[in-house]
Amino acid sequence: MRIEKHPILDFDKSKKVKFTFNGQELEGYEGETIQAALHAAGVKVLGKSIKMHRPRGFYCAIGNCSSCFMIVDGVPNVKTCVTDLKEGMVVETQEGKGVIK
């Protein structure tokens, strides 16, 4: 389930790192996108639409849409499809428009 190729990003799979998603420890490769690591871990729903509360998943994968917005290390509205994964990151599902905690 891991994304092997991306049209504009390169993934270096030399170093595994651990990160937390909604309180669960997961692992991915340093430098791959957060979304790629979540996808490889089986996470398909990234959040819900603001108005209708319908599930949102991996969509454009190039940072043009808002389907992958999540809270990363306390910062809301992070585009996880173009943000590199780093050791110890805390990633959370974002509800609504995102508010800084």
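Figures for the structure shown
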{"read-out": "Any pair with Cβ under 8 angstrom, 6 or more apart, that starts in the stretch 61-90 at a residue that is within 23 Å of LYS18 (Cβ to Cβ) and ends at one that is in a loop (DSSP other than H, G, I, E, B) and of a type in the set (Asp, Glu)", "value": "ASP84/GLU30; ASP84/GLU32; LEU85/GLU30; LEU85/GLU32; LYS86/GLU30; GLU87/GLU30; MET89/ASP73; VAL90/ASP73"}
{"read-out": "Number of the exception - LEU38 against (1) in a loop (DSSP other than H, G, I, E, B); (2) crowded, with 20+ Cβ neighbours inside 10 Å; (3) aliphatic (A, V, I, L, M)", "value": "(1)"}
{"read-out": "Members of the stretch 51-74 that are surrounded by 14 or more Cβ atoms within 10 Å (Cβ to Cβ), in contact with a Gly (Cβ under 9 Å, 6 or more places away or on another chain) and not hydroxyl-bearing (Ser, Thr, Tyr)", "value": "ARG56, CYS68, PHE69, MET70, ILE71"}
{"read-out": "Residues of the stretch 1-39 satisfying the condition of being under 13 Å from CYS81 (Cα atoms) and modelled with pLDDT of 85 or more", "value": "GLU32, THR33, ILE34, GLN35, ALA36, ALA37, LEU38, HIS39"}
{"read-out": "Failed item in (1) surrounded by 14 or more Cβ atoms within 10 Å (Cβ to Cβ); (2) in contact with a strand residue (DSSP E or B) (Cβ under 7 Å, 6 or more places away or on another chain); (3) assigned to a loop (DSSP other than H, G, I, E, B), with ASN77 passing the rest", "value": "(3)"}
{"read-out": "Complete set of residues in the stretch 80-91 that are surrounded by 13 or more Cβ atoms within 10 Å (Cβ to Cβ) and either aliphatic (A, V, I, L, M) or more than 21 Å from ILE8 (Cβ to Cβ) (or both)", "value": "VAL82, LEU85, MET89, VAL90, VAL91"}
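The values are calculated or read from the model by the stated rules, or taken from the named source; none is laboratory data. Nothing here was measured: the structure is a model prediction, and the numbers come from that model. Note that each Cβ is placed from the backbone with ideal geometry, even for glycine, and that neighbours are counted across all protein chains shown.
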